[in-house]
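Where a number appears in this text, it was derived from the coordinates with a stated rule and is not lab data. Predicted model, so just to flag it, every value in this text is computed and none were measured. Cβ coordinates were reconstructed from backbone atoms using ideal geometry, including for glycine residues, and neighbour counts include every protein chain displayed.
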Amino acid sequence: MPPKPAIHPPRSLADLLADGALGAVAAEARRRRDLTHEIRSLLPAEMAPHLVTAGTSPTGELVLTMDASVWAARMRYHAEQLGGQRIKVKVQPQG
């Protein structure tokens with residue numbers, strides 16, 4: 001007779017998000033949320049709501065994603081005030 005598979009007690013979603021690969025994904029999401037909030041606080045009031053997300057590339061470049069090309073162009077111009085040279089601006093249309 002084959003052995004019975006081990007039955008594990010149910011785990012809460014919080015426990016699942018704290019461990020392993022899901023924990024790493026949750027930590028990265030929190031890091032991006034915090035970085036996006038920090039960058040928004042540095043932007044002019046009319047530009048801040050158009051920042052979709054902020055993150056970093058594997059090479060350490062700051063990657064800013066804007067909701068429209070017009071705001072991406074303005075962000076590229078404004079990038080010098082954020083530290084300038086290692087910033088990449090992308091567009092992710094909303095809708």
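See the values below:
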quantity	calculated
Angle in degrees between helix 69-82 and the longest Cα principal axis of the chain, rounded to the nearest 10	80
Percentage relative contact order, the chain, counting C-alpha pairs under 8 Å, at least six apart	19
Rg/Rh for the chain, where both radii come from Cα atoms and Rh is the Kirkwood radius	1.25
GluC sites (Glu not before Pro) lying in DSSP loop within the range 44-95, provided at most 13 other Cβ fall within 10 Å	Glu46, Glu61
Net charge contributed by nearby residues that have their C-beta within less than 14 Å of Asp67 (K/R +1, D/E -1)	+2
Helix axis angle, 20-42 relative to the chain longest principal axis, alpha carbon, degrees	20
Among Leu62, Ala14, Gln81 the positive-end extreme of the charge dipole of the chain (Cβ point charges)	Ala14
Contour minus Cα-Cα distance for Val91 and Arg31 (0.36 nm per residue)	19.6 nm
